Amino acid sequence: MELVLADTLLSQCPDSVALLRGVCGPDEALSVERAEALRFLLQRVSGGGWRGEAEARRLAWEVALGHCFPALFGSGSGPAEERLRLVRAACRVLRCCASLCGPSLAERLAREALAAGPAGRLQTEVAVELLAAMAPWLVEPALVERAVGSALVLLQEEEDEDKTLLAAAKLLPALGRNNAALVRVWEGLVLPPEGAPQAVSRTLLVLSSLSDAVLNSGVQQLSGGAEGQAPCLLDARLSSGFWKVVQKGLTESDALCRKRARYLLKRAVDMSEKLQSECGCSPDPGNGPCLFWWSAEKNDKLIPFWENYILIMETLEGNQIHVIKPVLPKLNSLYEYAISEQKDNWVFHPSWLMCIYRRMFESENKTLAKEGVIHFLEMWQTQCLPRSPGFSEFVIGPLMDVLSESSFYSRSSGQVIGICPSLGIKLQKFLAAFLTNVPEEEKSSFLLRFIRRMSNRHWCAIPILFLSMALAHIPACRVLDMEGLLALRDVLQCTMITHQILLRGAAQCYLLKAAMLLINVEKVSLSDISNFVISLRPEESLGRGTVLWKMLCDWLHVNDKHFRRPLNYGVPQDRTLLNVYVQFLVQDYLKTPIANEDCFVPDWFEAKLVATMILLAADVEEMTHESNIERIELKALLNPLLNVLLKVGTNPYISTVKTDKSLQLLLKLLQTCSVRCSSPQTDGVITFLRNEFMTALESILDFLLRRLAANELNAISDLERCNLYLEVLSELLCFCSANGGTRGVSICGFLSSLINASLCNLQEMSSEKEVKLGEQIQKVVSMASLSVVCEIIDQKPALQLESLPAVEMLKTFISCSQLNHVLKKPCSMEKNSCLEDPSSQQGWGKIIARYIHDQWVCLSFGLNNYQNLSEAENLEQFWLDVQKHARSLQSALEALTILPSDHVLPVFHCMKILVPKLLESSESLCIEAFDLAWKIISSLNTQLIFWPNLKAFVQFVFDPEVLAAAAKNKSKAYIKIKQIMFQMIEMSSTKTGVFNTLLSYCCQTWMFPTFDNRNAVENVFSNAGNYSELLIEACLFGTVFRRDQRLSQEVCAFVENLGDECSANVVTESTNRDDHYVRVCAIKFLCLLDETNTLHKKFIEDFFMNLLDKGELMSKSNVRYYVNSLQHRVKNRLWQTLLVLLPKLHEDILTRTVDRILQAGYSNNQASVKYLIEWAIIWILHKFPHFLQKFWDCFSYDEDRLKTSICTFLSVLSHLDTVLQNTSEKTPILKKALTVVLQWCFHHNFSVRLYAFIALKKIWGMCKEFCMEDFETLSPVIESCLQQAESMHGTGNAKKNWQRIQKHFFFENFHPLKDYCLETIFHTLPRLSEIAEEEWISLNKFRVFTDIPLSATFPCSCSHTELLDLKPNDWSQQDIGLKSTEPDNPRQWTDVQKKIIPWKNSTPDLDLELVFQDRATKLGKSSSKLIVVASLIDKPTNLGGLCRTCEIFGVSALIVGNLQYINDKQFQYLSVSAEQWLSLLEVKPFQLIDYLDQKKSEGYTIIGVEQTAKSCDLTEYHFPEKSLLLLGNEHEGIPANLIQQLDVCVEIPQQGVIRSLNVHVSGALLIWEYTRQQIIRQKLQR
């Protein structure tokens, strides 16, 4: 219509200039509508036959320079969107003008565009639009070069994303369509200068637009250039730079970028297949085959490879494992194609395979990422892959990145807790196999980079553990030098970050093993080794006496002659290099400059290093000279140290630094020898050290006494030195007493002198008004000395120090001293107004805290000692007076408020003694103490101080005397204690181990009291009944952990199962913090109860009743009850506990409870709970057969009540032989059983019949066995029933289910009496019941937990192993298995659905013209200006539903790819005649580009429904009135070459996991949102 109007105007108007000016408007004010009219007129002029070509050019120049060009730079007003529409309309007119006038006009306008300075955003956009319009007619080389250069700069360096996208979407594609510019554009895109940034997503956008030019299977003349210019053809396939861009695009995080890369790959493959010619890009030197090649002879291999490759890449976009998993076998076929038949080289470049793995690794779906990791690792185990340098980079980069995800190391289904996770095993095998594939000259570089990657990022404990384990399992290859050792040490530092001590220690063990395997000893010295070894913590991994320590000693011995030797000392033939090095180390350590009198204590690092190396050298000597008892070499190593220690007591001129270093070395030697794995009695090295150090004991003690008691420590910096001296004293006395050496006289004399001097100093009153710093520091030292003496007396009773007169004086001093006494701040510090001494940086507040802490240590010693005196003696002491006790407790509360949390432990120890004596007389004060102490415990975060403080807190709050006194009157204290008890249980859900600490202490004190008085013992056990809630909660305790917590526990269990093989298990202290230990402790406590004891009997009965009450309450609750739910688990634990208590119950209590137990069988229980209830009923009936009548009554209820429970009671009947084992009169019972069972054999429910047949078979077998003639009349009926069961409908599921139920473990293998033990109840039965593995408690845990001993009378395990050998898949659960068919076998995927959309369907075919077939609107033109384009949708169902939606909301037109769809029955079924009332147009997919261009020129905004990096949220987007909605294909979405045609992409916000909506649903949501906005707009206009 527009063209007809243009022809009419031109034919009727004689003055063309006047016509054009009239269209342009007055004052050159060009509008969008006038610009469109000009374009139509010029299009008709350019068609020829109108007043001559010269006249047409003159008009074009006039319009271009006189009207359109000035409009581009005019000062138009209005919003930016309208301004941009005007610019684009003007540029379309200028394009028509350039087509008439040729290069002369185009180049002039292009120069103007390039000269326009970017003063603002709009000006830059104007220049780009103008340059893009003129690009096809540019010829001049310099101008072309300048235009392309500007466009590339804008593409690669511009920070404004909008400007960059404009250059990529418009300017560069336009220039690329010009012969003169194409080569330059191509080089700038795929061959950027070295070091220049390459924006992959933008580059792919341009390449997609130029795909017709660079990937064309036919010879095509490109537009532009001078007339007659030869066509310029490029073949992108020949450029390795192009393929690198495509590969990068395939692994980009942006989905749109990946789509463009796949589009280009498809076009290249299709082009190669069509041309059938040889081609290949240039290969990278030394890096295998070229990135892309084609050969007609290899078509049968090339086509399947690329089809499968593209299929996999497209399927990965789904991001759903159930969709992707069937396609993964295709990845194996890629390897088959990619490797030559000789398996010695790559046919296809391996980087293509790495792109697939990278795509999987970076997936948001962690299951998919893990599948990718496992597949990659397995390929190296199952196939001998040719070498490729790219794989090494891939392992160091993407693979290690994805291996940092902790959740990947979870157990596979079917793996038992404690087994190494499958990924850990695969990682070990992979690294060993991969390293054998790496050339020898490259192994060092690869391993170094691998180890450095482990240290240059924050790894969690679990990944670092399994990577370290993989390194430790590499076959010995000594390729690492000093740099490798340093890298391993850096990894060691990374392991220290985690708070999980066991995992940290295990990682250290494996890293040391890896070092011994991988280090080239000829390139490292012993100095390097010692610096590495010292990074290992002896309390976590490298403990003396462990397997790891022995391995290290053996390694040092074997390689002694091969270590790199320093130049400054030689090695005699009769000595080892290690011995010479350590001797040099000791001598160098003890050398100190004469003038060096540093006031600070030397750093501990050097002392630790020297001590460790001395002991290593000693153990290596022990290993090589087993018969040498003189230990000459060790003695030589210790001589320099002993020389100093022998002189320190008599030579006051030895420098402080030297004495400090000597004592530090002595302390570290003693501490390293005293680790848990050392055995002093048989350790020759320890015995030798003891004998050597005993010679210097008196000298050391004299030195310590002089320094501690003679006022030589008088500066703040000396307090750290005081700590050193006191540590040495404590450790030395501990070492000597543990190894049989006492030297009692010297020790007693030393301690007496130290006590007297300290007391004298503390009691001395200063006569001077000014308080001096030195005096105050000495008082702090004296109090610290007394606190250590008190601890030594308490902890070393073998030294018999309590009878010393000085100790009596100490006790008297403690009894009279003021608690919480604070030393006044020295005047020198007050004058400086400084809280910290600049020389020491230790605040005075910390000093006072330490001083008060030591006071409470002394008071704790005094209270402990006087508590053991007789009552007559106690009456003479002040602290047995109630009022003085109250004052002491009040002081304790004050101390808790002023002391930091790491200093309150001795206060808790004192409160343990004070609170029991005050609870009755000063209850409110004791409750205040409970509250304040619990507040402190709740606020503690540091692990090292939390657990000791918690233990002390439990000991004073839950002291047996306190519990008994509180429960006696059910006072407020009783309520407060129970409140704290439940708060601690709640804390256990977040801090594992809290409940363990509480329960273990209570159970020990209740079952094994320390009192000799019988009444006191009974009083203590009564606490079990008064606080039975604690035991009930313990029996039912078990947190359902988060996945990460469960993973951590499983990995810890794996490390623990390694046993002594992992030294971390030996040296780390067992904390019993596993949640299972709570139940283990409670069950062991119950097992120890003696039913003949009156107190125990009453407790058992009350406890049993309370458990039944709790079970009934749970059954009545509305909490969801499904398999492995918390409700299920708790109920299972409850019945396990009841089963443990059953043998201890007397007949009288069972008479009162048997009905309730039978009643539990009526509930709808999970399988594991049913087995326990059935077992309990069988056991009761066996022990007390007279309860059988109550059991028979269970079969008399109505069918509705029995429909879920009858199987339970029939299962009990299947064990009637066990029930009647001790019954003499069996005939009446068997008759009754037959009568009951037979009626159920004819039940309409198949499952009930199966259970009845099982019971009938067992009962009838018993009748035959006893040869009872009374049953002859029933014999035909019963035999017929059993025969019917055996034949069971011939074959099929019924037959299989009958066979299965007979093989069910509960009927074939389980014996209710012989299998009664802890192992069956808590491990075997839960395992066979398929309850969650966290509920299985192995017998080993009952044995390992030694806080409570195992009962000698309760059976722990069974003599026969039939149940133990069964596996869960040997039977079916009675709830779900009886009606099931054969277990599902893993599906063998033979083929998959193939959804590859050929590139031809998403690109324009330039040979075809637009064809519009307009269906006239039946009800007149719609008021809506929304067009929905569905040409890419090819499913009639989606089109039918979309047609219906469009008609309902008044869409002006629906565009489809083929109008024949409307005849499809599925279309018509969903459209319900909507096609008759809606305007339908046909635009084929290849015509879409031209159609969208036309609609843009008509002012429509092109909107795509697509997820891109720049997508707008649907909830925030405002639809223009003239909107065109482009919908993508069901699988592919919007093709890459159409996305750049869009003005905006809109995405629908999602909350779920699935990646995308159905295309009809997506379209309907946007149509409604457009309609809703238009309705609101119309209402506002009214």
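The values are calculated or read from the model by the stated rules, or taken from the named source; none is laboratory data. Because the structure is a prediction, the values reported are computed rather than measured. Quick reminder, even Gly has a Cβ in these numbers, built from the backbone with ideal geometry, and neighbours come from all protein chains shown. Accessible surface is based on the protein model in full, side chains and every heavy atom, while ligands, DNA and RNA are left aside. Shrake-Rupley method; radii C 1.70, N 1.55, O 1.52, S 1.80 Å.
Per-residue surface analysis assigns H473 an accessible area of about 90 Å², computed on protein heavy atoms at 1.4 Å probe radius.
Cross-linked pairs K550/K608; K248/K1435; K951/K1131: Cα-Cα separations exceed 25 Å for K248/K1435; K951/K1131. Find the centroid of the Cα atoms in region 535-556 and in region 430-480, then give the distance between the two in whole Å. A separation of 21 Å, based on Cα centres. Of the residues R565, R1073, ranked by 1.4 Å probe accessible area with the largest first, the sequence reads R565, R1073.
Kirkwood's formula applied to the C-alpha pairs of region 377-435 gives a hydrodynamic radius of 12.7 angstrom.
Net length available on complete extension from D1464 to C1512 is 13.7 nm, with 0.36 nm assigned per residue and the Cα-Cα distance removed.
Of the accessible area of region 1091-1218, computed with a 1.4 Å probe over protein heavy atoms only, carbon and sulfur atoms account for 51 percent. Beyond 29 Å in Cα-Cα separation lie the following of the pairs K970/K1190; K811/K912; K968/K991; K325/K429: K970/K1190; K968/K991.
Of the GluC sites (Glu not before Pro) in region 283-382, which ones lie in a loop per DSSP and count no more than 10 other C-beta atoms within 10 Å?
Numbers: sites: E297, E307, E314, E317, E336, E341, E362, E364, E371, E378; in loops: E317, E341, E362, E364.
Passing sites in region 283-382 are E341, E364.
Note on W1192 and S412: with the Förster distance fixed at 30 Å, the Cβ-Cβ geometry gives a FRET efficiency of about 0.05.
In a reduced charge model with +1 at each Lys and Arg Cβ and -1 at each Asp and Glu Cβ, region 383-525 shows a dipole moment near 320 debye about its Cα centre.
So what's the net charge close to C1358: Lys and Arg +1, Asp and Glu -1, counting the other residues with Cβ under 13 Å from its Cβ? Surrounding charge for C1358 is -3. When nucleic acids and ligands are ignored and a 1.4 Å probe is applied, S468 ends up with an accessible area of around 0 Å².
Would you list S787, S104, S407 from the most to the least accessible area, probe 1.4 Å?
S104, S407, S787
In this simple spin-label model, placing a label point 7 Å from the Cα along the Cα-to-Cβ direction at both K846 and S31 gives a separation of 8.1 nm.
Each residue of region 574-591 was assigned a 3J(HN,Hα) from its phi angle through the Karplus curve 6.51 cos²θ - 1.76 cosθ + 1.60 (θ = phi - 60°); the sequence is 8, 10, 8, 4, 4, 5, 5, 4, 5, 5, 5, 5, 5, 5, 5, 5, 8, 6 Hz, with glycine and proline shown as x.
A cut-off of 5 Å between modelled amide H atoms, ignoring neighbours fewer than 5 places along the same chain, links N1529 with I1534. Applying a DSSP loop filter and a limit of 16 other Cβ atoms within 10 Å to the GluC sites (Glu not before Pro) in region 887-988 leaves E920. By the gyration tensor of its Cα atoms, with a ≥ b ≥ c the square roots of the eigenvalues, what is the shape of region 496-589: rounded for a/c under 1.5, prolate for a/b over b/c, or oblate? It is prolate, given that a/c is not under 1.5 and a/b is the larger ratio. Ranked from largest to smallest solvent-accessible area, with a 1.4 Å probe on the protein heavy atoms, T656, T1346 come out as T1346, T656. In the complete set of protein chains, residue-level accessible area for K917 is approximately 90 Å², probe 1.4 angstrom. A Förster distance of 51 Å, applied to the separation of the beta-carbon atoms of S445 and V1040, puts the FRET efficiency at 0.60. Compared with the direct C-alpha span, the chain from E770 to K825 gains 18.8 nm at full extension, assuming 0.36 nm per residue.
How large, in percent, is the carbon and sulfur part of the accessible surface of region 508-550 at a probe radius of 1.4 Å?
Carbon plus sulfur share of accessible area: 48 percent.
Between the beta carbons of A636 and N941, assuming R0 = 60 Å, the FRET efficiency works out to 0.80 to the nearest 0.05. Give me the base-10 log of I(q)/I(0) for region 1102-1229 at each q in 0.13, 0.21 Å⁻¹, Debye formula, one uniform scatterer per Cα, rounded to two decimals. Once normalised to I(0) and log-transformed, intensities are -0.53, -1.35. The share of accessible area on region 878-966 that comes from carbon and sulfur is 51 percent, using a 1.4 angstrom probe.
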